[in-house]
Amino acid sequence: MEVDVDTQSSQASLAEVPNSQAVASEGTSSPNPAPRRQSTLSASHSEQPGPQAPLRILEDEQVHIERRGRLRLTDFQVKGSLGTGTFGRVLLVRYRASNPGSQSYFAMKVLKKTEIVRQRQVEHVNAERYILSRVRHPFIVDLYATFQDSMNIYMLLSYVPGGELFTHLRRARQFTPDVTRFYLATIILALKFLHSFNIIYRDLKPENLLLDSRGYLRLTDFGFAKVVDDRTWTVCGTPEYLAPEIIQSDGHGKAADWWACGILCYEMLVGHPPFFDDTAYGIYEKILAGHVHYPRAMDRLSKEIIKGFLEPDRSMRLGNMIGGPQDVLEHPWFRGVDWDALERREISAPIIPFTTSMDDTRHFLHIPPPLAEDIPGLLREEGPVPVQQKMDPLYYQFLEF
């Protein structure tokens, strides 16, 4: 099994997949601050076509990527580094040609072609671009443009300045039910939207949720997202958040995302995930054993919705039964939530990140800016794509860029 080292900062989750080691052992409180967790990936097996027709056809959606001609690194001023990952890094950049009053700051995801190919991630990177170029939702990060040069591919994404939910949760240690409900509700709406296209996300966790300037969450890092009619067999995600069917290589689909909602709900309420250990194998054993310790102080409805999400039988799992996502929206734990107002962003968020400017990076780890040798072409202008590059197999691996 291949392990992708996670990024070292919030927006960094855009740069790759996640970080360090799992938190302490069950029955104890997790260290504070806890390390960011790593996502895992193994080769996929043949896929079984499924009968579930999507409510919406992704291919029919408008491609939202702006057509600005051929972009180059010199079109952008690098303002800082937001994070690093296995394949590259995420930069905060300013688009030099922006008109006054228009959006000018972006998160630029820089991925090394050779590393993507070496780690057999070409399909995932291309899928990430394909999906993000066609979906638009208030709780999902926006992709504005992509381009490539001889060394890297570049993805221009929304700059979400509030940092990871992970950081805010570790600072607070745990959230109240009301705060948890607000954040989980936004994720429910994002997943409901993705699932309507038969897109499964597969890497839900606090590290991949960013707070925008108004305190709303934006789902980031679609490196493991995939359009699946029924089931897929790729083992990927973060150990603490994997559903039993993923661990058992039994094929998984949308139900795996609903399982992850239960893990996220528990972690926000308690301060650590329900299954954790020093090793991924130990985590998997505990997930399959299925023993969840609910603190005595946890209220009945919170336990009920977590148990609904953490149902080992996916045919009985909340969100995956005949009622689909509507069962989640109508659960008593969400009673009183105005879902339409939430999606219109008309409800006050519980945490409003403090920022003083459009390029404020205080909610991200302070990482030194990249050097010219780190990203060839960063400080020099490249000409048109040379003939020899077009003959390079790596160029054709990323034609959509």
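The values are calculated or read from the model by the stated rules, or taken from the named source; none is laboratory data. Worth saying up front: this structure is predicted, and the values here are computed from it rather than measured. We place every Cβ from the backbone using ideal geometry, glycine too, and count neighbours over all the protein chains shown.
Residues in segment 275-313 that are in a loop (DSSP other than H, G, I, E, B) and in contact with a Gly (Cβ under 8 Å, 6 or more places away or on another chain): HIS293, LEU310, PRO312. Looking for something touching a Leu at 6+ places or on another chain (Cβ under 7 Å), closer than 21 Å to PHE197 by Cβ and charged (D, E, K, R) - is there at least one such residue anywhere in segment 220-234? There is at least one residue in segment 220-234 that is touching a Leu at 6+ places or on another chain (Cβ under 7 Å), closer than 21 Å to PHE197 by Cβ and charged (D, E, K, R).
On the given criteria, is LEU318 outside any helix (DSSP H, G or I), within 18 Å of TYR201 (Cβ to Cβ), within 24 Å of the chain's Cα centre (by Cα) and aliphatic (A, V, I, L, M)?
Working: outside any helix (DSSP H, G or I): yes; within 18 Å of TYR201 (Cβ to Cβ): yes; within 24 Å of the chain's Cα centre (by Cα): yes; aliphatic (A, V, I, L, M): yes.
Answer is yes for this residue.
Checked against (1) in the same structural domain as PHE275 (by TED's automatic domain parsing); (2) under 17 Å from the mean Cα position of the chain (by Cα); (3) surrounded by 23 or more Cβ atoms within 10 Å (Cβ to Cβ); (4) modelled with pLDDT of 95 or more, ILE246 passes all but a single condition, namely (2).
Would you mention how many residues in segment 360-375 are acidic (Asp, Glu) and either surrounded by 16 or more Cβ atoms within 10 Å (Cβ to Cβ) or assigned by TED's automatic domain parsing to the domain that holds LYS307 (or both)? Step through it out loud before you land on a result.
Quick first cut of segment 360-375, residues acidic (Asp, Glu) only: 360, 373-374.
From the residues that got through so far, the ones that are either surrounded by 16 or more Cβ atoms within 10 Å (Cβ to Cβ) or assigned by TED's automatic domain parsing to the domain that holds LYS307 (or both) too are 360.
Residues flagged as acidic (Asp, Glu) and either surrounded by 16 or more Cβ atoms within 10 Å (Cβ to Cβ) or assigned by TED's automatic domain parsing to the domain that holds LYS307 (or both) within segment 360-375 amount to 1.
LEU288 is checked against (1) crowded, with 19+ Cβ neighbours inside 10 Å; (2) within 25 Å of ARG37 (Cα to Cα) and fails just one. What number does that condition carry? Condition (1) is where LEU288 drops out. Residues of segment 323-340 that are closer than 11 Å to ARG181 by Cβ and touching a Phe, Trp or Tyr at 6+ places or on another chain (Cβ under 9 Å): VAL337 alone.
Every residue, every condition in (1) polar (S, T, N, Q); (2) under 19 Å from ARG72 (Cα atoms); (3) touching a residue at least 60 places away in the same chain (Cβ under 8 Å), yes or no:
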{"position": "VAL110", "(1), (2), (3)": "no, yes, yes"}
{"position": "VAL125", "(1), (2), (3)": "no, no, yes"}
{"position": "ARG129", "(1), (2), (3)": "no, yes, yes"}
{"position": "VAL135", "(1), (2), (3)": "no, no, yes"}
{"position": "THR146", "(1), (2), (3)": "yes, yes, yes"}
{"position": "ILE153", "(1), (2), (3)": "no, yes, yes"}
{"position": "PHE166", "(1), (2), (3)": "no, no, yes"}
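Across segment 235-247, a minimum of one residue is classified as among the small types (Gly, Ala, Ser) and within 30 Å of GLN397 (Cα to Cα). Does ILE322 fit the bill of being among the aliphatic types (A, V, I, L, M) and loosely packed, with under 13 Cβ neighbours inside 10 Å? Yes: the conditions hold for ILE322.
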